[in-house]
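Below: one structure, written as structure tokens.
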């Protein structure tokens, strides 16, 4: 009995902080999304905001853009991270740890600004292209910022997330994979066979878990698309923010509905991640 | 094997170059005096960017100070809140642990944009909106999960034998905690505090929403510079903004043993 009380007391501060500031805030956002805001005279809860948002072409454009950017960022990051980890697993742990930790630690805004100065039409890439005689004027260089394909946003995410996934892969490769691989080699398996039948099954659960985390993050992140995205369509978090900033408070339920939908989608992905992580923990 | 190692080193050089790539224009621009298209390097150098950072009344020092104060307060409070939670999660077995861990993890997994907009109204009513304490409070949302998790890992590695020995020798539970447990987990506490500081330092949207433009931190200045048209000032600010992250990384790598919990920082939470 005393033990249970002790656990409860130990947990109380953290659960309290997250309960009030996170879960409480989410709850208020949900209530407001239902159109219940007595302060501005909205007292009839309903699903109008959701109906309005889901029928809105702007929202659907934003949703597709968001799915596209986070899907492509996650896919590219995952493939590059697996390749990098496979290539790097025999090199000195210390050096590669520093190289991989750096992008993880650097704030997104710094990464976005740096990437922008590389790929802009007057950026490092364009200057190199001009030096090689490939282009004459800055406008000859393809527009990679504020562009239709969100190249700048995706590159920033790839730069930030490849190291994260690669570290996860490196950690799982350190385990049984190399021993099993040696066995497979002794038995005459080729490089591709060793990857496909031995290494891939070992690393794939943690690769999928890390990718889910990256997808959830890029789906709900605000800074990078706010800085490097074009003005229409915007990614969902930017759209939610813009609606929230509307002076007309009648737009508030719609803003909150977008937010709740973002939270719902990322929450579903997160639940998948946690299931996988738990299964991994049980296995390992 | 030798050939594989050499190829591995070559790949490492390429990866390191790609990691360094965004910093190349940042460093060049920060010290550029004149750098016209299509010159590959600046044709004149200047300290205009650097002096902008330290200009009295230029706003950068004040913003850096705000970031520092909020970061330090957030780190201290997150550790204070995360330490007991970490002890409960890592040190003991109890029912519904999975559910509670999931709950504490939630703010890492679900972006805190919705929840922050939700608490905004209450913050306005309580007079916390547009204030430093209000910003500090919302910065606890993304940091507490990390400190709790890092410290749970630290407590999970402890067997409790030393505490038992201390109790056998007549120490009270409180003495055993202060004299044995706390010194043992101190390196973990330092790492957790550093990560919390870093996450708070990197926050942009939470500060923007709750601070409402009245609480100016370094990322606010960087953002408005980046939306403008002066790459010298933007790059100088970006380097200043990245500096504590780099210093913290160096420190954290010294405290952490190689290969230990390197993947604790989630994707871009910082």
Completion exercise
Between the modelled labels at residue A:95 and residue A:23 (7 Å from Cα along Cα→Cβ) the distance in nm is 4.9 nm
Completion exercise
For the residue B:41, residue A:179 Cβ pair and Förster radius 45 Å, calculated FRET efficiency rounded to 0.05 is 0.35
Completion exercise
residue B:61 and residue B:99 label points (each 7 Å along its Cα→Cβ direction) are spaced in nm at 5.4 nm
Handout entry: Cα gyration tensor category, rounded, prolate or oblate, for region B:33-122 with a/c compared to 1.5
Key = prolate
Handout entry: Inter-centroid distance (Cα atoms) of region B:32-93 relative to region B:173-187, Å
Key = 32 Å
Completion exercise
Exposure-ranked with fewest Cβ neighbours within 10 Å first, B:55, B:163, B:93 stand as B:93, B:55, B:163
Completion exercise
Averaged over the residues of A:147-154, the number of partner chain Cβ atoms within 10 Å of each residue's own Cβ comes to 0
Exercise for the section: Starting with the fewest neighbours, write out B:87, A:256 ranked by other beta-carbon atoms found within 10 Å of each beta-carbon. Expected result: B:87, A:256
Completion exercise
Least to most buried among A:122, B:234, A:186, B:147, by other C-beta atoms within 10 Å and fewest first, runs A:186, A:122, B:234, B:147
Practice task
For a label point 7 Å from the Cα of residue A:44 along Cα→C-beta, name the residues of region A:241-272 whose backbone N is under 15 Å from it.
Solution key: none
Problem - Mean-position separation - Cα centroids, region A:260-281 and region A:1-53, in angstrom - result: 19 Å
Problem - Simple label model, 7 Å out from Cα along Cβ direction - residue A:191 to residue B:230, nm - result: 5.2 nm
Fill in the blank from the handout: So residue B:156 and residue B:178, fully extended at 0.36 nm per residue minus their Cα-Cα distance, gain in nm 6.1 nm
Handout entry: Sum of -39500 (n - 2.57) over DSSP H runs of 4+, divided by residues of the protein assembly as shown (222 nm, nearest 500)
Key = -23000 deg cm²/dmol
Completion exercise
Inter-chain shielding metric for A:112-124, i.e. average beta-carbon neighbours from other chains within 10 angstrom, reads 6
Practice task
At q = 0.11, 0.14, 0.20, 0.21 Å⁻¹, what is the base-10 log of I(q)/I(0) for region A:167-259 according to the Debye formula with one equal point scatterer per Cα and no solvent? Please give it to two decimals.
Solution key: -0.55, -0.66, -0.92, -0.97
Practice task
Quick one: grab the alpha carbon gyration tensor of chain B, order the square roots of its eigenvalues as a ≥ b ≥ c, and give me rounded if a/c is under 1.5, else prolate or oblate depending on whether a/b is larger than b/c.
Solution key: oblate
Problem - Gyration tensor (alpha-carbon) shape descriptor, chain A, a/c threshold 1.5 - result: oblate
Practice task
Can you quote the Å³ per residue value for the convex hull of the Cα atoms in region B:1-150, rounded to an integer?
Solution key: 240 Å³
Practice task
Would you look at the GNM of chain B, springs on alpha carbons closer than 10 Å, and say which of B:72, B:44, B:80 moves the most?
Solution key: B:44
Fill in the blank from the handout: Computed Rg/Rh for the protein assembly as shown (Cα atoms; Rh = Kirkwood radius) stands at 0.98
Problem - Between region B:195-249 and region A:137-155, the alpha-carbon center distance in angstrom - result: 24 Å
Problem - Potential extension, residue B:34-residue B:168 segment - 0.36 nm per residue separation minus Cα distance - result: 41.0 nm
Exercise for the section: Give me Rg over Rh for region A:227-280, both radii from the alpha carbons and Rh done the Kirkwood way, two decimal places. Expected result: 1.17
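Only the coordinates and a few stated rules stand behind these numbers; no lab work does. None of these values were measured; they are calculated from a predicted model. Ideal geometry is used to build each Cβ from the backbone, glycine not excepted, and the neighbour counts take in all protein chains shown.
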